[in-house]
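Engineer: Please see the structure below; I have some questions.
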Amino acid sequence: MGIVASDPVPCGDCGGTGWILENVDGRKLARSCACRDGILRSDRVAAAGIPERYRVCNFANFSDTNASLKKAKSIAREFVDTWPGVDAGLLLLGPSGLGKTHLACAVLSDLVSKKGVTGLYVDFSDLLMKIQTSFRPDADLSKESILSPMAEAELLVLDELGTSKPHPWVLDVLYNLLNTRYNRKKITIATSNFEDEPDVKSGERDRLEDRIGSRIRSRLFEMCLMVTMRGEDFRRTVVQGQIRSRF
Ligand SMILES: [Zn+2]
């Protein structure tokens, strides 16, 4: 792995290891360097599994161009400020392109880096694939080793709920995971393009329940505060703007 321009300069005291070796009465002792907190913090952020394109997401660079998005952002901010006093997660719903994943990742990385929370990001389709693979006789990883980090994490972000339509038995596994988290009072943030009452303007016909089943839907509504996001698809707007500006 080469050093890229964005890499921070390694600490001059410890060379970036987080430890300083000292000679005390002829014995070598390691003491932790002042920069070690920062190293642990970035280790925790890396362990949270946020995809690269969302690692830069924070509240400051969230595009809140209308009242609904401003409200969503302030709810997410309050969620971070209130932690660990929160008793419900967030269910971010709305058409694609409004920054649901951005907001979820901003909350996750803030809590992991600033409040030392053990957090995990999981993409719904990836998770389903992993569950399916774990049931194969030649599977490398057992079902438990895949699911237990998700059951244990203090904060789980389950992104793009309902993007693929799983087999009923896969939904059972997912239900059990959410149920375990619910019973252990663990907090979950989920995002989905599918809503209870689909937004006619988005052209989406399927309801959330059609995609994930009624059991998971009701469990999520018990675990999370629903936040509906509305607005123009900024990706489409930006891309269209760029295309137009070429003429
Ligand atoms: Zn250091």
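Engineer: Taking the stated definitions as given, is Leu141 surrounded by fewer than 19 Cβ atoms within 10 Å (Cβ to Cβ) and either in a helix (DSSP H, G or I) or modelled with pLDDT under 90 (or both)?
Structural biologist: On the way: surrounded by fewer than 19 Cβ atoms within 10 Å (Cβ to Cβ): yes; either in a helix (DSSP H, G or I) or modelled with pLDDT under 90 (or both): yes.
Yes.
Engineer: Here is a check on your reading of the model: is Arg41 within 16 Å of the ligand (Cβ to nearest atom) and touching a Gly at 6+ places or on another chain (Cβ under 7 Å)? Working first, answer last.
Structural biologist: Numbers: within 16 Å of the ligand (Cβ to nearest atom): yes; touching a Gly at 6+ places or on another chain (Cβ under 7 Å): no.
Taking the combined requirement at face value, the residue does not satisfy it.
Engineer: Just give me the residues in region 80-103 being within 24 Å of Asp37 (Cα to Cα) and in a helix (DSSP H, G or I), in sequence order.
Structural biologist: Residues satisfying the conditions are Val80, Asp81, Thr82.
Engineer: So how many residues does region 8-25 have that are outside any strand (DSSP E or B), open to solvent by less than 80 Å² (accessible area, probe 1.4 Å) and away from the ligand (no atom under 11 Å from the Cβ)?
Structural biologist: Qualifying residue count for the region: 0.
Engineer: Which one of Ala67, Ala48, Ala76 is away from the ligand (no atom under 16 Å from the Cβ), within 30 Å of Thr188 (Cα to Cα), open to solvent by 60 Å² or more (accessible area, probe 1.4 Å) and within 25 Å of the chain's Cα centre (by Cα)? Full working, then the answer.
Structural biologist: Details: Ala48 fails: open to solvent by 60 Å² or more (accessible area, probe 1.4 Å); Ala76 fails: open to solvent by 60 Å² or more (accessible area, probe 1.4 Å).
From the options Ala67, Ala48, Ala76, the qualifying one is Ala67.
Engineer: Got a number for residues in region 210-241 being modelled with pLDDT under 90 and hydrophobic (A, V, I, L, M, F, W, C)?
Structural biologist: Of the residues in region 210-241, 3 are modelled with pLDDT under 90 and hydrophobic (A, V, I, L, M, F, W, C).
Every residue, every condition in (1) among the charged types (D, E, K, R); (2) buried (at least 24 other Cβ atoms within 10 Å of the Cβ); (3) farther than 22 Å from Asn61 by Cβ; (4) in contact with a helix residue (DSSP H, G or I) (Cβ under 9 Å, 6 or more places away or on another chain), yes or no:
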| position | (1), (2), (3), (4) |
| --- | --- |
| Leu90 | no, yes, no, yes |
| Pro95 | no, no, no, yes |
| Leu98 | no, yes, no, yes |
| His102 | no, no, no, yes |
| Val107 | no, yes, no, yes |
| Gly119 | no, yes, no, yes |
| Phe124 | no, no, yes, yes |
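Engineer: What's the total number of residues in region 150-194 that are assigned to a helix (DSSP H, G or I) and open to solvent by less than 60 Å² (accessible area, probe 1.4 Å)? If you could, list the steps in order and put the result at the bottom.
Structural biologist: Going through region 150-194, the residues assigned to a helix (DSSP H, G or I) turn out to be 150-152, 168-183.
Subset that is open to solvent by less than 60 Å² (accessible area, probe 1.4 Å): 150-151, 170-171, 173-175, 177-181.
The qualifying residues number 12.
Engineer: Under 7 Å between Cβ atoms, at least 6 apart or on separate chains: pull out the pairs that start in region 143-163 with a residue that is of a type in the set (Gly, Ala, Ser) and end on any residue that is open to solvent by 60 Å² or more (accessible area, probe 1.4 Å).
Structural biologist: Ala153/Thr118
Engineer: Sticking with this structure for a sec: Only residues that are open to solvent by 70 Å² or more (accessible area, probe 1.4 Å) and in contact (Cβ under 8 Å) with a residue 24 or more places away in the chain: list them for region 26-41, please.
Structural biologist: Arg41
The values are calculated or read from the model by the stated rules, or taken from the named source; none is laboratory data. Since this is a predicted model, take the numbers as computed values, not measurements. Glycine gets a Cβ as well: all are built from the backbone with ideal geometry, and neighbour counts include every protein chain shown. We work out accessible area using only protein heavy atoms, side chains counted, and drop any ligands, DNA or RNA first. Shrake-Rupley method; radii C 1.70, N 1.55, O 1.52, S 1.80 Å.
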